[in-house]
1. Please name all residue pairs, on different chains or six or more residues apart, with Cβ atoms under 9 Å, provided the first residue is in segment 202-217 and is under 30 Å from LEU335 (Cβ atoms) and free of Cβ contacts under 8 Å to residues at least 24 places away in the same chain and the second residue is assigned to a strand (DSSP E or B) and open to solvent by 10 Å² or more (accessible area, probe 1.4 Å).
2. Given the conditions (1) modelled with pLDDT under 95; (2) open to solvent by less than 10 Å² (accessible area, probe 1.4 Å); (3) under 19 Å from PRO63 (Cβ atoms), and given that GLY178 satisfies all but one, which numbered condition is not satisfied?
3. Can you tell me which of (1) at pLDDT below 95; (2) under 22 Å from the mean Cα position of the chain (by Cα); (3) aromatic (Phe, Trp, Tyr) is the one TRP68 doesn't meet?
4. Inside segment 207-241, can you point out the residues that are part of a loop (DSSP other than H, G, I, E, B), open to solvent by less than 40 Å² (accessible area, probe 1.4 Å) and touching a strand residue (DSSP E or B) at 6+ places or on another chain (Cβ under 7 Å)?
5. Could you count how many residues in segment 300-317 are open to solvent by less than 70 Å² (accessible area, probe 1.4 Å) and in a strand (DSSP E or B)?
6. Residues to consider are ILE129, ILE165, ILE148, ILE119; find the one that is open to solvent by 10 Å² or more (accessible area, probe 1.4 Å) and either over 30 Å from THR70 (Cβ atoms) or under 25 Å from the mean Cα position of the chain (by Cα) (or both).
7. Is it the case that some residue within segment 45-55 is open to solvent by less than 10 Å² (accessible area, probe 1.4 Å) and in contact with a helix residue (DSSP H, G or I) (Cβ under 6 Å, 6 or more places away or on another chain)?
8. Residue by residue through segment 1-42, note down the ones that are open to solvent by less than 10 Å² (accessible area, probe 1.4 Å) and hydrophobic (A, V, I, L, M, F, W, C).
Amino acid sequence: MDQLLERFLSYVAVETQAKPQARQVPSSEGQWTLARKLQEELIALGFVDVSLSDHCCVMGTLPANVDWPTPVIGFISHMDTSPDFTAKNVNPQIIENYRGGDIALGTGEEVLSPVMFPILHKLIGHTLITTDGKTLLGADDKAGIAEIMTAMARLAEGDIPHGAIRVAFTPDEEIGRGTSHFDVEGFAADWAYTIDGSDLGEFEYENFNAASAVVKVVGNNVHPGSAKGVMVNALDVATAFHAEVPSQERPQFTDGYEGFYHLHQMKGTVEHAELQYIIRDFDTEAFEQRKQVLTAIAERLNAGLHKDCSVTVEISNSYRNMREKVEPHPHIIELALQAMRDCGIEPKVKPIRGGTDGSALSWKGLPCPNIFTGGYNYHGKHEFASLNIMAQSVEVIVRLAALAAEKKG
(Lines give C-alpha, C1' and ligand atoms only; values in the text may rest on other atoms or scores of the structure.)
Protein backbone atom coordinates (compact mmCIF):
# COMPACT_ATOMS: atom_id res chain seq x y z
CA MET A 1 0.00 0.00 0.00
CA ASP A 2 2.93 2.33 0.61
CA GLN A 3 4.11 1.91 -2.99
CA LEU A 4 0.56 2.36 -4.26
CA LEU A 5 0.15 5.58 -2.29
CA GLU A 6 3.55 6.87 -3.40
CA ARG A 7 2.69 6.28 -7.04
CA PHE A 8 -0.71 7.89 -6.73
CA LEU A 9 0.64 11.02 -5.03
CA SER A 10 3.35 11.38 -7.67
CA TYR A 11 0.77 11.19 -10.47
CA VAL A 12 -1.73 13.67 -9.00
CA ALA A 13 1.16 16.13 -8.53
CA VAL A 14 1.34 16.46 -12.34
CA GLU A 15 -1.28 18.86 -13.66
CA THR A 16 -2.99 17.11 -16.59
CA GLN A 17 -6.32 18.89 -16.82
CA ALA A 18 -7.95 18.48 -20.23
CA LYS A 19 -8.79 21.68 -22.12
CA PRO A 20 -11.97 21.37 -24.22
CA GLN A 21 -11.17 24.46 -26.30
CA ALA A 22 -7.84 23.08 -27.51
CA ARG A 23 -7.72 21.51 -30.96
CA GLN A 24 -4.64 19.36 -30.50
CA VAL A 25 -4.45 15.96 -28.80
CA PRO A 26 -3.41 15.97 -26.06
CA SER A 27 -5.11 19.19 -25.10
CA SER A 28 -2.65 20.11 -22.33
CA GLU A 29 1.13 19.97 -21.98
CA GLY A 30 0.99 18.30 -18.57
CA GLN A 31 -0.30 15.12 -20.15
CA TRP A 32 2.99 14.83 -22.03
CA THR A 33 4.83 15.20 -18.73
CA LEU A 34 2.92 12.35 -17.11
CA ALA A 35 3.12 10.21 -20.25
CA ARG A 36 6.92 10.44 -20.32
CA LYS A 37 7.05 9.61 -16.62
CA LEU A 38 4.92 6.51 -17.15
CA GLN A 39 6.97 5.50 -20.18
CA GLU A 40 10.12 5.56 -18.06
CA GLU A 41 8.47 3.61 -15.25
CA LEU A 42 7.29 0.88 -17.62
CA ILE A 43 10.79 0.47 -19.02
CA ALA A 44 12.19 0.27 -15.49
CA LEU A 45 9.71 -2.52 -14.69
CA GLY A 46 11.00 -4.60 -17.59
CA PHE A 47 8.25 -3.87 -20.10
CA VAL A 48 9.03 -4.29 -23.79
CA ASP A 49 7.64 -2.54 -26.86
CA VAL A 50 7.11 0.59 -24.76
CA SER A 51 5.90 3.43 -26.97
CA LEU A 52 4.68 6.99 -26.71
CA SER A 53 2.62 7.97 -29.73
CA ASP A 54 2.46 11.32 -31.49
CA HIS A 55 -0.86 11.88 -29.69
CA CYS A 56 0.40 11.00 -26.20
CA CYS A 57 -0.82 7.43 -25.80
CA VAL A 58 1.57 5.25 -23.78
CA MET A 59 1.63 1.52 -24.50
CA GLY A 60 3.81 -1.33 -23.31
CA THR A 61 3.96 -5.11 -22.86
CA LEU A 62 4.81 -7.15 -19.81
CA PRO A 63 6.15 -10.36 -21.38
CA ALA A 64 4.59 -13.70 -20.46
CA ASN A 65 6.37 -15.83 -17.90
CA VAL A 66 4.65 -19.06 -19.00
CA ASP A 67 5.58 -21.23 -21.96
CA TRP A 68 2.09 -22.02 -23.20
CA PRO A 69 -0.18 -19.90 -25.41
CA THR A 70 -2.49 -17.59 -23.48
CA PRO A 71 -4.84 -14.73 -24.34
CA VAL A 72 -3.27 -11.27 -24.36
CA ILE A 73 -5.26 -9.05 -22.02
CA GLY A 74 -4.96 -5.31 -21.56
CA PHE A 75 -5.45 -2.75 -18.80
CA ILE A 76 -6.16 0.90 -19.63
CA SER A 77 -6.54 4.16 -17.71
CA HIS A 78 -6.57 7.81 -18.75
CA MET A 79 -4.05 10.47 -17.77
CA ASP A 80 -6.15 13.64 -18.03
CA THR A 81 -8.36 15.12 -15.34
CA SER A 82 -11.71 16.84 -15.70
CA PRO A 83 -12.01 20.44 -16.91
CA ASP A 84 -15.01 20.89 -14.57
CA PHE A 85 -12.96 22.15 -11.62
CA THR A 86 -9.47 23.52 -11.14
CA ALA A 87 -6.64 20.96 -11.02
CA LYS A 88 -3.77 23.39 -10.46
CA ASN A 89 -1.51 22.70 -7.47
CA VAL A 90 -3.30 19.61 -6.17
CA ASN A 91 -2.44 19.24 -2.47
CA PRO A 92 -3.72 15.89 -1.16
CA GLN A 93 -4.52 15.16 2.48
CA ILE A 94 -3.95 11.69 3.96
CA ILE A 95 -6.50 10.65 6.59
CA GLU A 96 -5.32 7.44 8.25
CA ASN A 97 -7.80 5.16 10.02
CA TYR A 98 -10.81 7.37 9.28
CA ARG A 99 -13.00 7.39 12.40
CA GLY A 100 -16.13 8.91 10.91
CA GLY A 101 -17.60 12.38 10.94
CA ASP A 102 -16.67 15.46 8.96
CA ILE A 103 -13.22 15.80 7.41
CA ALA A 104 -11.86 19.34 7.23
CA LEU A 105 -10.41 20.08 3.83
CA GLY A 106 -7.42 22.38 4.06
CA THR A 107 -8.12 25.21 6.47
CA GLY A 108 -11.60 23.84 7.12
CA GLU A 109 -13.60 26.26 5.03
CA GLU A 110 -14.72 23.18 3.12
CA VAL A 111 -15.58 19.81 4.67
CA LEU A 112 -16.13 16.30 3.42
CA SER A 113 -19.22 15.23 5.29
CA PRO A 114 -20.98 11.85 5.58
CA VAL A 115 -24.24 13.79 5.75
CA MET A 116 -23.73 14.88 2.15
CA PHE A 117 -21.73 11.79 1.13
CA PRO A 118 -23.11 8.75 3.02
CA ILE A 119 -20.57 6.40 1.39
CA LEU A 120 -18.16 7.64 4.09
CA HIS A 121 -20.10 5.61 6.67
CA LYS A 122 -18.85 2.46 4.91
CA LEU A 123 -15.23 3.56 4.95
CA ILE A 124 -14.58 3.68 8.69
CA GLY A 125 -11.02 2.51 9.35
CA HIS A 126 -9.84 3.20 5.81
CA THR A 127 -6.97 5.44 4.79
CA LEU A 128 -8.58 8.23 2.77
CA ILE A 129 -6.90 10.61 0.35
CA THR A 130 -8.79 13.90 0.00
CA THR A 131 -8.29 17.32 -1.53
CA ASP A 132 -7.51 20.47 0.44
CA GLY A 133 -10.81 21.94 -0.73
CA LYS A 134 -9.27 24.08 -3.44
CA THR A 135 -8.87 21.64 -6.35
CA LEU A 136 -10.11 18.31 -7.58
CA LEU A 137 -7.95 15.33 -6.58
CA GLY A 138 -7.42 13.48 -9.86
CA ALA A 139 -8.41 10.02 -8.65
CA ASP A 140 -10.31 9.99 -11.94
CA ASP A 141 -8.27 8.37 -13.29
CA LYS A 142 -4.86 8.52 -11.68
CA ALA A 143 -6.09 6.02 -9.11
CA GLY A 144 -6.52 3.64 -12.04
CA ILE A 145 -3.02 4.40 -13.34
CA ALA A 146 -1.48 3.83 -9.90
CA GLU A 147 -3.35 0.55 -9.55
CA ILE A 148 -2.26 -0.74 -12.95
CA MET A 149 1.37 0.23 -12.34
CA THR A 150 1.39 -1.32 -8.87
CA ALA A 151 -0.19 -4.54 -10.18
CA MET A 152 2.37 -4.67 -13.01
CA ALA A 153 5.20 -4.21 -10.49
CA ARG A 154 3.80 -7.16 -8.54
CA LEU A 155 3.53 -9.34 -11.64
CA ALA A 156 7.03 -8.32 -12.76
CA GLU A 157 8.39 -10.07 -9.68
CA GLY A 158 7.76 -13.28 -11.63
CA ASP A 159 6.25 -15.64 -9.06
CA ILE A 160 2.68 -15.39 -10.44
CA PRO A 161 2.15 -17.16 -13.79
CA HIS A 162 0.75 -14.80 -16.42
CA GLY A 163 0.56 -14.39 -20.16
CA ALA A 164 1.59 -11.32 -22.11
CA ILE A 165 -0.12 -8.23 -20.70
CA ARG A 166 -0.62 -4.96 -22.55
CA VAL A 167 -1.14 -1.66 -20.76
CA ALA A 168 -2.11 1.72 -22.18
CA PHE A 169 -2.53 5.20 -20.74
CA THR A 170 -4.64 7.55 -22.84
CA PRO A 171 -5.05 11.35 -23.05
CA ASP A 172 -8.17 13.53 -23.09
CA GLU A 173 -10.75 10.94 -22.03
CA GLU A 174 -12.63 13.62 -20.10
CA ILE A 175 -13.35 15.56 -23.29
CA GLY A 176 -14.19 12.54 -25.43
CA ARG A 177 -10.95 12.28 -27.38
CA GLY A 178 -9.18 9.55 -25.44
CA THR A 179 -9.43 6.91 -28.14
CA SER A 180 -9.53 9.12 -31.24
CA HIS A 181 -5.96 8.11 -32.06
CA PHE A 182 -5.80 4.77 -30.19
CA ASP A 183 -4.13 2.09 -32.30
CA VAL A 184 -6.30 -0.96 -31.52
CA GLU A 185 -4.42 -3.15 -33.99
CA GLY A 186 -1.09 -2.05 -32.57
CA PHE A 187 -2.29 -2.62 -29.02
CA ALA A 188 -2.81 -6.25 -30.05
CA ALA A 189 -4.82 -7.43 -27.04
CA ASP A 190 -7.62 -9.97 -27.27
CA TRP A 191 -9.63 -7.87 -24.85
CA ALA A 192 -9.00 -5.26 -22.16
CA TYR A 193 -10.39 -3.60 -19.04
CA THR A 194 -10.47 0.08 -18.23
CA ILE A 195 -9.66 0.71 -14.58
CA ASP A 196 -11.86 3.76 -14.24
CA GLY A 197 -14.80 2.91 -11.96
CA SER A 198 -15.59 3.94 -8.41
CA ASP A 199 -16.93 1.92 -5.47
CA LEU A 200 -15.59 -1.46 -4.33
CA GLY A 201 -16.76 -4.31 -6.57
CA GLU A 202 -18.19 -2.17 -9.34
CA PHE A 203 -18.05 -3.83 -12.74
CA GLU A 204 -19.61 -2.22 -15.78
CA TYR A 205 -20.04 -3.43 -19.32
CA GLU A 206 -22.83 -1.15 -20.46
CA ASN A 207 -23.02 2.62 -20.68
CA PHE A 208 -25.18 5.38 -22.09
CA ASN A 209 -25.67 6.03 -25.75
CA ALA A 210 -24.75 9.71 -25.90
CA ALA A 211 -25.32 12.69 -28.14
CA SER A 212 -25.10 16.46 -27.90
CA ALA A 213 -27.70 18.87 -29.26
CA VAL A 214 -27.32 22.57 -30.03
CA VAL A 215 -30.58 24.49 -30.36
CA LYS A 216 -30.18 27.82 -32.18
CA VAL A 217 -32.93 30.43 -32.17
CA VAL A 218 -33.05 33.38 -34.54
CA GLY A 219 -35.38 36.16 -33.39
CA ASN A 220 -36.14 39.71 -34.48
CA ASN A 221 -35.06 42.64 -32.36
CA VAL A 222 -36.69 46.07 -32.56
CA HIS A 223 -37.07 48.89 -30.07
CA PRO A 224 -39.35 47.62 -27.27
CA GLY A 225 -41.45 50.77 -27.57
CA SER A 226 -42.60 49.75 -31.04
CA ALA A 227 -42.30 45.98 -30.68
CA LYS A 228 -45.93 44.95 -30.87
CA GLY A 229 -46.49 42.44 -33.63
CA VAL A 230 -42.89 42.79 -34.82
CA MET A 231 -40.44 41.64 -32.13
CA VAL A 232 -39.64 37.94 -31.85
CA ASN A 233 -37.64 37.54 -28.65
CA ALA A 234 -35.22 34.65 -29.16
CA LEU A 235 -34.89 34.29 -25.40
CA ASP A 236 -38.65 33.76 -25.06
CA VAL A 237 -38.58 31.16 -27.83
CA ALA A 238 -35.65 29.39 -26.19
CA THR A 239 -37.51 29.33 -22.89
CA ALA A 240 -40.57 27.92 -24.63
CA PHE A 241 -38.39 25.23 -26.22
CA HIS A 242 -36.97 24.10 -22.88
CA ALA A 243 -40.45 24.13 -21.32
CA GLU A 244 -41.47 21.43 -23.81
CA VAL A 245 -38.57 19.15 -22.94
CA PRO A 246 -39.99 16.48 -20.54
CA SER A 247 -39.39 17.96 -17.11
CA GLN A 248 -39.07 14.65 -15.24
CA GLU A 249 -36.51 13.30 -17.70
CA ARG A 250 -33.61 15.38 -16.44
CA PRO A 251 -30.52 14.18 -14.54
CA GLN A 252 -31.74 15.24 -11.11
CA PHE A 253 -34.84 13.04 -11.49
CA THR A 254 -33.30 9.91 -13.01
CA ASP A 255 -31.06 7.00 -12.05
CA GLY A 256 -30.35 3.38 -12.95
CA TYR A 257 -31.31 2.68 -16.53
CA GLU A 258 -33.32 5.88 -16.95
CA GLY A 259 -32.15 8.22 -19.69
CA PHE A 260 -32.36 12.01 -19.68
CA TYR A 261 -32.08 15.37 -21.43
CA HIS A 262 -29.65 17.75 -19.77
CA LEU A 263 -29.55 21.46 -20.52
CA HIS A 264 -26.00 22.37 -19.52
CA GLN A 265 -25.55 25.75 -21.16
CA MET A 266 -27.71 28.60 -22.44
CA LYS A 267 -26.89 32.05 -23.73
CA GLY A 268 -28.41 34.70 -25.92
CA THR A 269 -30.00 38.02 -26.68
CA VAL A 270 -33.32 39.08 -28.18
CA GLU A 271 -31.82 38.50 -31.62
CA HIS A 272 -30.08 35.14 -31.07
CA ALA A 273 -30.24 32.46 -28.40
CA GLU A 274 -28.60 29.08 -27.99
CA LEU A 275 -29.31 26.06 -25.80
CA GLN A 276 -26.87 23.17 -25.42
CA TYR A 277 -28.13 19.75 -24.34
CA ILE A 278 -26.67 16.35 -23.79
CA ILE A 279 -28.92 13.37 -24.53
CA ARG A 280 -28.43 10.01 -22.80
CA ASP A 281 -30.15 6.62 -22.92
CA PHE A 282 -29.11 2.98 -22.58
CA ASP A 283 -31.70 1.71 -25.02
CA THR A 284 -30.85 2.41 -28.67
CA GLU A 285 -34.46 2.86 -29.78
CA ALA A 286 -35.29 5.18 -26.88
CA PHE A 287 -32.08 7.11 -27.61
CA GLU A 288 -33.21 7.77 -31.17
CA GLN A 289 -36.65 8.80 -29.94
CA ARG A 290 -35.09 11.38 -27.64
CA LYS A 291 -33.40 13.02 -30.60
CA GLN A 292 -36.71 13.07 -32.45
CA VAL A 293 -38.41 14.73 -29.48
CA LEU A 294 -36.08 17.73 -29.72
CA THR A 295 -36.51 17.93 -33.48
CA ALA A 296 -40.30 17.79 -33.13
CA ILE A 297 -40.29 20.63 -30.56
CA ALA A 298 -38.36 22.80 -33.01
CA GLU A 299 -40.82 22.01 -35.79
CA ARG A 300 -43.81 22.99 -33.63
CA LEU A 301 -42.22 26.28 -32.60
CA ASN A 302 -41.17 27.08 -36.16
CA ALA A 303 -44.77 26.71 -37.29
CA GLY A 304 -45.72 29.81 -35.26
CA LEU A 305 -42.74 32.01 -36.15
CA HIS A 306 -42.24 34.66 -38.82
CA LYS A 307 -40.46 33.26 -41.88
CA ASP A 308 -37.28 35.22 -41.05
CA CYS A 309 -37.10 33.68 -37.59
CA SER A 310 -36.27 30.07 -36.81
CA VAL A 311 -35.42 27.30 -34.38
CA THR A 312 -32.87 24.76 -35.55
CA VAL A 313 -31.50 21.65 -33.80
CA GLU A 314 -28.05 20.26 -34.57
CA ILE A 315 -27.43 16.80 -33.08
CA SER A 316 -24.05 15.06 -32.91
CA ASN A 317 -23.52 11.51 -31.66
CA SER A 318 -20.83 11.15 -28.97
CA TYR A 319 -20.50 7.48 -27.99
CA ARG A 320 -22.50 4.25 -27.93
CA ASN A 321 -23.42 1.56 -25.43
CA MET A 322 -20.57 -0.96 -25.19
CA ARG A 323 -22.92 -3.76 -24.11
CA GLU A 324 -23.63 -4.70 -27.72
CA LYS A 325 -19.92 -5.37 -28.26
CA VAL A 326 -18.99 -6.90 -24.89
CA GLU A 327 -21.94 -9.21 -24.21
CA PRO A 328 -21.13 -11.57 -27.13
CA HIS A 329 -17.91 -12.39 -25.22
CA PRO A 330 -19.23 -13.63 -21.84
CA HIS A 331 -15.85 -15.03 -20.77
CA ILE A 332 -14.54 -11.45 -20.52
CA ILE A 333 -17.27 -10.65 -18.01
CA GLU A 334 -17.04 -13.92 -16.10
CA LEU A 335 -13.26 -13.70 -15.73
CA ALA A 336 -13.51 -10.30 -14.04
CA LEU A 337 -16.31 -11.40 -11.74
CA GLN A 338 -14.36 -14.53 -10.81
CA ALA A 339 -11.27 -12.45 -10.06
CA MET A 340 -13.28 -10.27 -7.70
CA ARG A 341 -14.80 -13.27 -5.91
CA ASP A 342 -11.37 -14.90 -5.59
CA CYS A 343 -10.25 -11.68 -3.86
CA GLY A 344 -13.19 -11.81 -1.46
CA ILE A 345 -15.07 -9.02 -3.21
CA GLU A 346 -18.76 -9.25 -4.07
CA PRO A 347 -19.18 -7.90 -7.60
CA LYS A 348 -21.64 -5.08 -8.23
CA VAL A 349 -22.63 -5.26 -11.89
CA LYS A 350 -24.18 -1.96 -12.88
CA PRO A 351 -24.51 0.36 -15.88
CA ILE A 352 -22.26 3.40 -16.28
CA ARG A 353 -24.36 6.55 -16.28
CA GLY A 354 -21.77 8.12 -18.53
CA GLY A 355 -19.02 6.84 -20.80
CA THR A 356 -15.43 5.61 -20.69
CA ASP A 357 -12.67 4.98 -23.18
CA GLY A 358 -13.89 1.39 -23.03
CA SER A 359 -17.07 2.34 -24.85
CA ALA A 360 -15.27 3.67 -27.92
CA LEU A 361 -12.66 0.91 -27.79
CA SER A 362 -15.35 -1.76 -27.72
CA TRP A 363 -16.85 -0.30 -30.87
CA LYS A 364 -13.39 -0.21 -32.42
CA GLY A 365 -13.07 -3.96 -31.93
CA LEU A 366 -11.46 -4.19 -28.48
CA PRO A 367 -14.08 -5.39 -25.94
CA CYS A 368 -13.33 -3.34 -22.86
CA PRO A 369 -15.53 -3.33 -19.73
CA ASN A 370 -14.76 -1.26 -16.64
CA ILE A 371 -13.44 -2.10 -13.14
CA PHE A 372 -13.59 -0.11 -9.87
CA THR A 373 -10.77 2.11 -8.56
CA GLY A 374 -11.87 3.24 -5.10
CA GLY A 375 -12.30 6.89 -6.10
CA TYR A 376 -15.39 8.94 -5.25
CA ASN A 377 -17.06 12.31 -5.95
CA TYR A 378 -15.16 12.83 -9.17
CA HIS A 379 -14.65 16.22 -10.87
CA GLY A 380 -14.83 18.47 -7.85
CA LYS A 381 -13.32 19.61 -4.57
CA HIS A 382 -14.99 16.81 -2.60
CA GLU A 383 -13.23 14.11 -4.62
CA PHE A 384 -11.45 11.49 -2.53
CA ALA A 385 -10.12 7.95 -2.70
CA SER A 386 -9.86 5.00 -0.33
CA LEU A 387 -6.34 3.58 -0.33
CA ASN A 388 -7.73 0.29 0.99
CA ILE A 389 -10.07 -0.12 -1.96
CA MET A 390 -7.35 0.98 -4.36
CA ALA A 391 -5.25 -1.88 -2.97
CA GLN A 392 -8.14 -4.28 -3.59
CA SER A 393 -8.31 -3.10 -7.19
CA VAL A 394 -4.62 -4.01 -7.50
CA GLU A 395 -5.43 -7.49 -6.20
CA VAL A 396 -8.18 -7.90 -8.79
CA ILE A 397 -5.88 -6.87 -11.65
CA VAL A 398 -3.22 -9.35 -10.51
CA ARG A 399 -5.80 -12.13 -10.14
CA LEU A 400 -7.25 -11.37 -13.58
CA ALA A 401 -3.80 -11.79 -15.09
CA ALA A 402 -3.37 -15.14 -13.36
CA LEU A 403 -6.80 -16.39 -14.39
CA ALA A 404 -6.20 -15.41 -18.02
CA ALA A 405 -2.99 -17.46 -17.97
CA GLU A 406 -5.04 -20.51 -17.04
CA LYS A 407 -6.90 -20.21 -20.33
CA LYS A 408 -4.34 -22.18 -22.27
CA GLY A 409 -4.69 -21.74 -25.99
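1. Close Cβ pairs satisfying both conditions: none exist.
2. Of everything listed in (1) modelled with pLDDT under 95; (2) open to solvent by less than 10 Å² (accessible area, probe 1.4 Å); (3) under 19 Å from PRO63 (Cβ atoms), GLY178 misses just condition (3).
3. So TRP68 meets the others, but not (2).
4. Of everything in segment 207-241, those that are part of a loop (DSSP other than H, G, I, E, B), open to solvent by less than 40 Å² (accessible area, probe 1.4 Å) and touching a strand residue (DSSP E or B) at 6+ places or on another chain (Cβ under 7 Å) turn out to be PHE208, GLY219.
5. The qualifying residues number 6.
6. Values: ILE129 fails: open to solvent by 10 Å² or more (accessible area, probe 1.4 Å); ILE165 fails: open to solvent by 10 Å² or more (accessible area, probe 1.4 Å); ILE148 fails: open to solvent by 10 Å² or more (accessible area, probe 1.4 Å).
Just one listed residue meets the conditions, ILE119.
7. So the first thing to find is which residues in segment 45-55 are open to solvent by less than 10 Å² (accessible area, probe 1.4 Å), and the list is none.
There is no residue in segment 45-55 that is open to solvent by less than 10 Å² (accessible area, probe 1.4 Å) and in contact with a helix residue (DSSP H, G or I) (Cβ under 6 Å, 6 or more places away or on another chain).
8. Those that are open to solvent by less than 10 Å² (accessible area, probe 1.4 Å) and hydrophobic (A, V, I, L, M, F, W, C): LEU4, PHE8, VAL12, ALA18, LEU34, ALA35, LEU38, LEU42.
The values are calculated or read from the model by the stated rules, or taken from the named source; none is laboratory data. Just so we're clear, the structure is a prediction, and the values are computed from it rather than from any experiment. A quick note on method: Cβ atoms are made from the backbone with ideal geometry, for glycine too, and the neighbour counts reach across all protein chains shown. These area figures cover heavy atoms from the full protein model, side chains too; ligands, DNA and RNA do not enter into them. Shrake-Rupley method; radii C 1.70, N 1.55, O 1.52, S 1.80 Å.
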